[in-house]
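Enquirer: If you scroll down you'll find the structure; I have some questions about it.
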Amino acid sequence: KDKYKDETAYILTCGPSLSEHNENELNERLKDKLVMGIKQAYNKVSDIADFHLLNTYNLSPYSWNNDSIVYWSLSKSYAATENFDDFYMMENQTEVMWGCGMMYEIGIPLALLLGCKEIVAIGWDLGNPNEKFKHFDDDKVTRDCFPQDGELEETIKSTIALQEWFNNKNINFKILSNQSHINQNFERIQLKDIK
């Protein structure tokens, strides 16, 4: 708890916008930062990542650096309560109640446990609910698990309440993506904005 108090957490997810960034520039800008890679997004920053966040779905082979902490989560179910205080359950137990998606299940809860007051989500696109769900590496990875019916719509809708919750907790949450479908009121940044 509070190991990275008041620092910024950079969480990379597998949305298609992740492939739009120059990998060398991405690594250079994040090299001295707290970096978490979710699933295959870790491969983009494997040399500098502090955490690799995984679950049991859509597994791929990984090569970890000696300094990365690999964190596995197992999902029982997801809840649509918008009770974001459940993110803090990690302070007392290993089970969290929020979901769906790795950002809700472990990304945000871990950043909060570590004491971060700013979170930058890179590639958290969620996708257009009316189109086929896409990842940045669909041409390289075969997947056997996809969002359930209504899951994307529910998650996108929940980000309206998420922004209000972050504001009430004085947590600054930003999006680095030009195609994210989460609440448009979240501040959008570009890679060049990371100093």
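The values are calculated or read from the model by the stated rules, or taken from the named source; none is laboratory data. These figures come from a predicted structure and were not determined experimentally. Please note that ligands, DNA and RNA were not included when accessible areas were found on the heavy atoms of the full protein model with its side chains. Shrake-Rupley method; radii C 1.70, N 1.55, O 1.52, S 1.80 Å.
Enquirer: Tally the residues that are open to solvent by 20 Å² or more (accessible area, probe 1.4 Å) and farther than 23 Å from H135 by Cα, restricting the search to region 164-191.
Expert: 8
Enquirer: Scan region 1-29 for residues that are open to solvent by 10 Å² or more (accessible area, probe 1.4 Å) and either assigned to a strand (DSSP E or B) or among the acidic types (D, E) (or both) and report the count.
Expert: 9
Enquirer: Continuing with this model, one more query. Report, by residue number, each residue of region 145-195 that is β-branched (V, I, T) and in a loop (DSSP other than H, G, I, E, B).
Expert: First, pick out the residues of region 145-195 that are β-branched (V, I, T): 155-156, 159-160, 171, 175, 182, 189, 194.
Correct list: I171, I182, I189, I194.
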